[in-house]
Amino acid sequence: VKTGERNASAVDRPIGVFDSGVGGLTVLRALRAALPGESFVYLGDTARLPYGTKTAGTVERYALQAAAQLVDRDIKCLVIACNTASAAALPAIQERFPGLPVIGVIEPGAEAACAATRNERVAVIATEGTVRGGAYQHAIARRRPSVVVTALATQLFVALAEEGWTSGEVALSTARRYLAALFESVPGAQRPDTLVLGCTHFPLLEPCLRAIVGEHVNIVDSAATTATACRMLLATEGLLAVSGASATLQLLVTDGEERFARAGAAFLGTAIAAQDVERVNL
Ligand code: DGL
């Protein structure tokens, strides 16, 4: 079906977005800013967080279940707002749901990194699973093979973000300890000029990371580039919402509505009432 041939109800269906927890709300925030006329249904698989420490097979299974839940809600496209799940499950999701447009966050993140680096040295911080699979290394190498990528698992940042401890002494000393291996202990000429936040939980830690790496390092994440990619995909598929008059936001979790509402507000950039969060079983 080409642009202009879809009927109104098809284009008015929501966009599905999922992550293991509140992290993907950073992507949802960028999506809502770029696509104000669209409805969204967001799922945080909070009962099984973190994904980053699990094996790829387990994350794939969880991600397929999360995607199925959203497909049941009649989504018109799916954004995997989790780097770990994008790395482990994107092909499996595409195969399971043929015809459903699906976007992950790794390719847009790699795009942002390649656009930002001048000295072709890029540092990536992500979960254990994302680093282990080499997803960013491969995605960057496909675009710019001359770029040297150093990736480091900084799994504790996920717990800090879920706890809302994104600034202050604990966040700062954790960041200092992790980032030393990527910056301080690297000789000047080889030091990365770009730091990729390869986990959707990390953007709220940016001020803290900035305080350690300094002003001259580009800090990039995939939220804005993913929103742009989503917009382009919807336009190509003829699925952009016609009018935003009835745009809605549904929030689903697999556990802990209160906790999600409390921690999620800063990520979404707007208050969340726990009674507006629905609990689902996958
Ligand atoms: N926010 C997720 C990511 O982008 C995963 C965090 C986790 O559950 O470990 O990788």
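Can you list, largest first and rounded to whole Å, the semi-axes you get for segment 157-213 by taking the square root of 5 times each eigenvalue of its Cα gyration tensor?
Details: eigenvalues 90, 28, 14 Å².
The answer is 21, 12, 8 Å, longest axis first.
Looking at the chain as a GNM with Cα springs under 10 Å, which of Gly214, Gly134, Gly109 has the largest mean-square fluctuation?
Gly214
Does segment 103-194 come out rounded, prolate or oblate by the C-alpha gyration tensor, with a ≥ b ≥ c the root eigenvalues, rounded set by a/c under 1.5 and, if not, prolate when a/b is larger than b/c and oblate if not? Numbers along the way, then the final one.
Numbers: a/c = 2.18, a/b = 1.35, b/c = 1.62.
Taking the square roots of the gyration eigenvalues as a ≥ b ≥ c, segment 103-194 is oblate.
Count charges around Cys114 for me, please; just the other residues with Cβ under 13 Å from its Cβ, Lys/Arg as +1, Asp/Glu as -1.
Details: positive: Arg118, Arg121, Arg142, Arg143, Arg144; negative: Glu107, Glu111, Glu120, Asp193.
Local net charge: +1.
Could you give each residue of segment 169-177 its phi-based ³J(HN,Hα) in whole Hz, using Karplus coefficients 6.51, -1.76, 1.60 with θ = phi - 60°, and x for Gly or Pro?
Per-residue couplings from phi come out as 4, 5, 4, 5, 6, 5, 5, 4, 5 Hz.
Run the quick spin-label model on Val71 and Ala247: label points 7 Å from Cα toward the beta carbon, then report their separation in nm to one decimal.
For the pair Val71/Ala247, the computed spacing is 2.8 nm.
By how many nm would the segment from Leu172 to Ala271 lengthen if fully extended, with 0.36 nm per residue of separation less the alpha-carbon distance? Please list the in-between numbers first.
Values: separation 99, 0.36 × 99 = 35.64 nm, distance 2.56 nm.
Between Leu172 and Ala271, full extension yields an extra 33.1 nm.
Shape verdict for segment 142-187, please, from the Cα gyration tensor: rounded (a/c under 1.5), prolate (a/b greater than b/c) or oblate.
In terms of gyration-tensor shape, oblate.
Quick one: the Cα spread of segment 53-109 along its three principal axes, in angstroms, biggest first?
30, 23, 16
Sequence gap at least 6, Cα distance under 8 Å: using those rules, report the relative contact order of segment 180-239 to the nearest whole percent. Present the calculation step by step, with values, prior to reporting the outcome.
Values: 33 pairs, mean separation 20.6, N = 60.
Computed over segment 180-239, the figure is 34 percent.
Report, to the nearest 10°, how far helix 83-96 tilts away from the longest principal axis of the Cα atoms in the chain, using its own Cα long axis and a range of 0 to 90°.
Its long axis makes an angle of about 40 degrees.
If I model segment 186-227 as equal point scatterers sitting on the Cα atoms and use the Debye formula, what is log10 I(q)/I(0) at q = 0.31 Å⁻¹?
Log-scaled intensity ratios, in q order: -1.15.
What net charge is computed for the residues neighbouring Glu38, neighbours being all others with C-beta under 11 Å from the C-beta of Glu38, Lys and Arg scored +1, Asp and Glu -1? Don't jump to the answer; show the numbers that get you there.
Numbers: positive: Arg13, Arg32, Lys76, Arg231; negative: Asp12.
Result for the local shell: +3.
Mean-square fluctuation check for the chain, GNM, Cα pairs under 10 Å: which of Ala126, Ala151, Ala47 is largest?
Of Ala126, Ala151, Ala47, the Gaussian network model singles out Ala47 as fluctuating most.
Could you give the length gained on full extension between Ala47 and Ala10, defined as 0.36 nm per residue of separation minus the Cα-Cα distance, in nm? Write down the numbers at each step before the final one.
Values: separation 37, 0.36 × 37 = 13.32 nm, distance 3.15 nm.
My answer for the length gained is 10.2 nm.
Relative to the first principal axis of the alpha-carbon coordinates of the chain, what is the inclination of helix 56-72, with its axis defined by its Cα atoms, in degrees from 0 to 90 and to the nearest 10?
Helix 56-72 sits roughly 30 degrees off the main axis of the chain.
If I take every Cα pair under 8 Å that is 6 or more residues apart in the chain, average their sequence separation and divide by the length, what percent do I get for the relative contact order?
Details: 572 pairs, mean separation 81.8, N = 282.
29 percent.
Over every pair of different alpha-carbon atoms in segment 161-282, take the mean of 1/r and invert it; report that Kirkwood radius in Å. Walk me through the numbers before you get to the answer.
Values: mean 1/r = 0.0573 Å⁻¹.
About 17.4 Å for segment 161-282.
Using only alpha carbon pairs under 8 Å that are at least six residues apart, calculate the relative contact order of segment 1-147 and give it in whole percent.
On the way: 201 pairs, mean separation 35.3, N = 147.
Relative contact order comes out at 24 percent.
Sorting Ser167, Ser246 on the 10 Å Cβ count, fewest up front, what's the list?
Details: Ser167 14, Ser246 9.
Going from least to most buried by this count: Ser246, Ser167.
Dipole of the chain, Cα-centred, from +1 at each Lys and Arg C-beta and -1 at each Asp and Glu C-beta, to the nearest 20 debye?
That gives the chain a dipole magnitude of about 540 debye.
Taking N as the number of residues in the chain, what is its alpha-carbon radius of gyration divided by 2.2 N^0.38 Å? Intermediate results must be reported in sequence, preceding the final value.
Numbers: Rg = 18.2 Å, N = 282, 2.2 N^0.38 = 18.8 Å.
That works out to 0.97 for the chain.
What do you get for Rg/Rh of segment 41-86 when both radii come from the Cα atoms and Rh is the Kirkwood radius? Walk me through the intermediate numbers first.
On the way: Rg = 10.4 Å, Rh = 11.0 Å.
The Rg/Rh ratio comes out at 0.95.
DSSP loop GluC sites (Glu not before Pro) in segment 133-205 with at most 16 other Cβ atoms within 10 Å of their Cβ, which ones? Please list the in-between numbers first.
Numbers: sites: Glu162, Glu163, Glu169, Glu184; in loops: Glu184.
Sparse-neighbourhood loop GluC sites (Glu not before Pro): Glu184.
Project the alpha carbons of segment 47-158 onto their principal axes and report the range along each, largest first, in whole Å.
The Cα atoms of segment 47-158 stretch 46, 30, 19 Å along the principal axes, largest first.
With just the Cα atoms defining each centre, how far is segment 117-132 from segment 162-178? Give it in Å.
Computed from Cα coordinates, the inter-centre distance equals 19 Å.
Laboratory data are not the source of any read-out in this text; all were calculated from the coordinates shown. Just so we're clear, the structure is a prediction, and the values are computed from it rather than from any experiment. Don't worry about glycine lacking a Cβ; one is built from the backbone with ideal geometry, like all the others, and counts go over all protein chains shown.
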